[in-house]
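Here is the structure we will look at, set down as structure tokens.
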Amino acid sequence: MSRKRLIVVSGPTAVGKTAVAITLAEHFGTEIISADSRQCYREMTIGTAKPSEEELRRVKHYFINSHSIAEDLNAGDYERLALEYCADIFNKKDTAIVCGGTGLYLKALCEGIDEMPGIDKEIEKAVRADYAEKGMEWLSHTTGAEDPEFFMGAEQQNPARLMRALVFKRSTGQSIIHFRSARVKDRAFEIVKIALELPRAVLYERINDRVDEMMHSGLLQEAAALYPQRHLKNLQTVGYSEIFNYLDGKTSLEDCVDLIKQHSRNYAKRQLTWFKKDRANQWFAPSEIDAIIDYITSHV
């Protein structure tokens, strides 16, 4: 029986992952698992740059529009779900594709993730309220003071990571870093990793253009409809948080759009840093589809 293979397509936001993954899925006659931590939510469409309806018709996708924003998913949940999706595809095909920019989700699928103790939801609620009131300076100072072991190696301008670590420390009394083992779980399939990149100036222009297109397509209206639920963790997301601040009267619409662009560029930079650390990634421009197919074919 032939060995199953999982093709991983990763890279920063707006680089062109979706188009490449769909082309590969059609070439290899298979289906795609999303590895985007927000595209799974039905209520968030424009701001998460989901595949279009036409693209979803061309190739079956998993983990797109599969959950509600009220559901609290984490990397452990994704590992379990994605392995189920893989099994479903491998029942029919020898090849599956996973595509997305959420590095922790891809790591969970490819390598596994440690079981984590539960957190206190009241503590989480209090930390989020404090962050909303006191801002990034408070979050950085508090996390550094309460969990210096984590903070020394953390992305110190990533509020989601800092809040998660602070909540974990307050809930369990332990640093979250002690639940990050280096043990890689065995998988019943081969993994081929493709990462996409573009010159920084080109990528940033694509990001800026994408934000303009999102606004033209109705991102403001989509976010406004979600405004009553803005306290949900899943809505603390680039493109939505900035619009909520605009709706609160904290910024002008022009400044709001500029901030979405800036924060999206910052996110792309963090994604590149994450993916560059993985030496298994083979890097291509999104236009190099023939070279990508040749690489996949030669490494299986």
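Out of 229, 262, I need the residue that is without any contact (Cβ under 8 Å) to a residue 40 or more places away in the chain and more than 27 Å from residue 29 (Cβ to Cβ). Which one?
Numbers: 229 fails: without any contact (Cβ under 8 Å) to a residue 40 or more places away in the chain.
Of the residues listed, the single one that is without any contact (Cβ under 8 Å) to a residue 40 or more places away in the chain and more than 27 Å from residue 29 (Cβ to Cβ) is 262.
Tallying residues that are assigned to a helix (DSSP H, G or I) and in contact with a helix residue (DSSP H, G or I) (Cβ under 8 Å, 6 or more places away or on another chain) within the stretch 188-224 yields 15. How many of the residues in the stretch 37-54 are more than 17 Å from residue 237 (Cα to Cα) and surrounded by 17 or more Cβ atoms within 10 Å (Cβ to Cβ)? Total satisfying the criteria: 1.
Checking the stretch 228-241 against the condition returns a match, with at least one residue being in a helix (DSSP H, G or I), at pLDDT 90 or above and touching a helix residue (DSSP H, G or I) at 6+ places or on another chain (Cβ under 7 Å). For the stretch 164-187, residues that are of a type outside the set (Asp, Glu) and either closer than 17 Å to residue 271 by Cα or outside any helix (DSSP H, G or I) (or both) total 10.
Kindly evaluate residue 210 against the criterion of being under 18 Å from residue 14 (Cβ atoms), modelled with pLDDT of 95 or more and open to solvent by 80 Å² or more (accessible area, probe 1.4 Å). Considered against the rule, which asks whether it is under 18 Å from residue 14 (Cβ atoms), modelled with pLDDT of 95 or more and open to solvent by 80 Å² or more (accessible area, probe 1.4 Å), residue 210 comes out as yes.
The values are calculated or read from the model by the stated rules, or taken from the named source; none is laboratory data. These figures come from a predicted structure and were not determined experimentally. Positions of Cβ are generated from backbone atoms using ideal geometry, with glycine treated the same way; all protein chains shown enter the neighbour counts. Ligands, DNA and RNA are stripped out before the accessible areas are found, and what is left, the full protein with its side chains, is counted by its heavy atoms. Shrake-Rupley method; radii C 1.70, N 1.55, O 1.52, S 1.80 Å.
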